[in-house]
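Single-structure report; data block below.
The values are calculated or read from the model by the stated rules, or taken from the named source; none is laboratory data. Please read all numbers here as calculations on a predicted model, not as lab measurements. Reconstructed Cβ throughout: ideal geometry from the backbone, glycine too, with neighbour counts over all protein chains shown. These accessible areas exclude ligands, DNA and RNA; they are computed on the full protein's heavy atoms, side chains included. Shrake-Rupley method; radii C 1.70, N 1.55, O 1.52, S 1.80 Å.
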Amino acid sequence: AARARERERKRERRMKCNLLSRTMSCRTAVGDVARCSSTTCSNGSVIHRQRQRVRRERNRCFRLGSSTSGQGFGASPSMEEQIEDVKARDMLIDALLEASSQSEGKLLETVSESLLALDKEFWLRFALRTDQCETGEEKEKMATLANSVMKITELIVKQSETSLDNAQTWLIKLLQEAADENGQWHLPLDESEIDKMRQFMKEKLMKTAGQETTLPQAGEEECDMESLLATAYAWMRKAMDDAENKEAQGLVPLLQKVLQLYASEYLLNHSQTNPLQAENDALEAAGEIQFSLPAREAMDKLVKSDEKEWSAQLEQLAEQQACTEDALLVELQKKKELIILGMRGGMYEQRVLVEYLHELEERVKLAFGGEGEETSTKSTDS
């Protein structure tokens, strides 16, 4: 019975890890984040190469799994891809060796950045590199590194499980703000229900400039927003995959609203914490960056509004010619650049913000007669 319980716990752990990894989408806007993530990584091209390898392999599996060729997920990568993968793994091993020779903190940082790349193929390559060592001292160094990396990985997984459990609790509380007295949701949410969710997020989940969040009650832990967003994405993907479950499908717009509210609240009250914001403001004041006050005010009004009001507001701006399409797009581009370059790459917080701005950009193009994509009104997870 004890062995059975241990197997069940391991199975649940694997399911959590797999669920999180499957929620990483391949949207073009997020591709911008992935391409820029190497600028914020301490290990530069090494981590970037590893992320490219993991992303390429995941995309290949999705593509083959949905194909009609009959190959499915068992199809093998080309010889060129295999060679590139070996090079990327060797670069990561070298980066880990260098980090371990510097400090434990540096090794922890490197492992954290490369966690998804530490798969079975990586450890097979690591074992081969160890066998190729010419001296006993080199083999001992590799063995010590392997032991350290495994301990750090186990620690990160345990911390992630604890953080995700806490995030699930907070996410449920946030969704309950929009429910009626019987715990039911009525879609679409009305303005008062959305305001309740926004107020709860403001007071309980997000810190504003110069103000702490409301102190947690006894037994509550502070919410980690990154974990909450990761949980929202995981639940949304699971609900979308279960097409026959109507109750699960009803959860999708609620979770999309959570992501939209986070993006709105960050852009309104937290963007000044971005380390590049002050530099951007100085360049605007000096006239080195294009600035339009009507466009800035219109953009702030849009961000404050619910997503379903965007189209009407933008059409009104276009009809009244209050500001130009180019001015609005410039404001959006500046916000995108600050988020991509000023936030740590690969995080869900960055992803939510970029997708939110990408959707708003498409709405601007459609309203002003540009060539916007035909996106849905709620495509946060498209």
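Odds and ends about this structure:
- Near I194, once Lys and Arg are set to +1 and Asp and Glu to -1 for all other residues with Cβ below 9 Å from its Cβ, the sum equals -2.
- In terms of its C-alpha gyration tensor, region 114-172 has a prolate overall shape, because the principal axis ratio a/c (a ≥ b ≥ c, square roots of the eigenvalues) is not below 1.5 and a/b outweighs b/c.
- Of the residues T110, T162, ranked by 1.4 Å probe accessible area with the largest first, the sequence reads T162, T110.
- Inter-site label distance for M240 and K196 at 7 Å from Cα along Cβ, in nm: 2.7 nm
- Working from the Cα coordinates of region 242-382, the gyration tensor eigenvalues give, after taking √(5λ), semi-axes of 27, 20, 12 Å in decreasing order.
- Value of relative contact order over region 227-382, rounded to a whole percent, pairs C-alpha under 8 Å and six or more apart: 25 percent
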